[in-house]
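Take a look at the structure set out below.
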Amino acid sequence: MNIKEAFEIASAILVSLGGGSVIVIGLSSWLGKVWANRILENEKAQHNKEVERYKRELSEELERVKSFNDKALYVSKSQYDNEYRIYMEIWAKLHECVIFTLRLYPSGIENVPVDKKEYEDYKIKKYEEYAERYNAFSMTIDQYAPFYKKDFYDAFVQLRRLCSKQGGTYQYWEIDRKYNLSYVSNRDKAMPNETYNEVWSENPAKINELEEKLMGDIREYLLSLQLV
């Protein structure tokens, strides 16, 4: 039996009994309170249900966000660690390549053997040491090429070309012209002024400048990864 039916039955009983208006009003007031409380309880239950549903949905959403953030942080850290290792390995090879490239035509006084044969052996060894470092640097930048920024790869290749030009010039003028029969007719020719200026001044300056720029650019890039 619902509230409405109970109210109707109670009213009929009171009328049949000849109850006064005071009794009817009191009973109506009581039934009204019962009805209001019932409505309040229903609304409260519905409200609680809505609150619980909202809390559940919010909790699920927070878990998704947390999972996404954890994954993003993991990817960023993994990326940073991987790139840091790559750049550290490349830089070690790059710096050695630069040092041994610049040794081919040093800017300062070079201590060389007095004996002619020892001097020739010294120059061959110097070139071999350069070639070893150059090849190591060249292979490393190509080996990791897909895993770091293309802008840096392009800069590494540019530096490699400069080092290769120094090495190629040294090989021709200091070794091949004297020991390779293909260059017999050129053995008595002096190095042209243009080539001389390139290998003794222009190329070394470009190599040093590019190495310094790469140092700053790589440092700033790795720092930006740390701040992600």
Query raised in the report: Given the C-alpha centroids of region 78-141 and region 192-228, what is the distance between them in whole angstrom?
Result: 15 Å
Query raised in the report: So between residue 206 and residue 41, what do we pick up on full extension, going 0.36 nm a residue minus the alpha carbon distance?
Result: 51.0 nm
Query - Accessible area of residue 122 in the full protein assembly, 1.4 Å probe (Å², nearest 10) - result: 60 Å²
Query - Scattering curve values for region 86-179, log₁₀ I(q)/I(0), Debye with Cα scatterers, q = 0.17, 0.21, 0.22 Å⁻¹ - result: -0.74, -1.00, -1.06
Query raised in the report: Separation between the residue 84 and residue 149 pseudo-spin-labels, each 7 Å from Cα along Cα→Cβ, expressed in nm?
Result: 1.7 nm
Query raised in the report: How much accessible area per residue does region 78-170 have, in Å², with a 1.4 Å probe?
Result: 56 Å²
Report summary line: In Å, the Kirkwood estimate of hydrodynamic radius for region 107-162 over Cα pairs equals 13.6 Å
Query raised in the report: By how many nm would the segment from residue 131 to residue 111 lengthen if fully extended, with 0.36 nm per residue of separation less the alpha-carbon distance?
Result: 5.1 nm
Query raised in the report: So how exposed is residue 117, as accessible area in Å² (1.4 Å probe, rounded to 10)?
Result: 120 Å²
Requested in this report: Can you figure out the FRET efficiency of residue 221 with residue 195, using R₀ = 41 Å and their beta-carbon distance, to the nearest 0.05?
Outcome: 0.70
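The values are calculated or read from the model by the stated rules, or taken from the named source; none is laboratory data. None of the values given here were measured: they were computed from a predicted structure. All Cβ positions, glycine included, derive from the backbone under ideal geometry; neighbour counts span all protein chains shown. Side chains included, ligands, DNA and RNA excluded: accessible areas come from the protein's heavy atoms. Shrake-Rupley method; radii C 1.70, N 1.55, O 1.52, S 1.80 Å.
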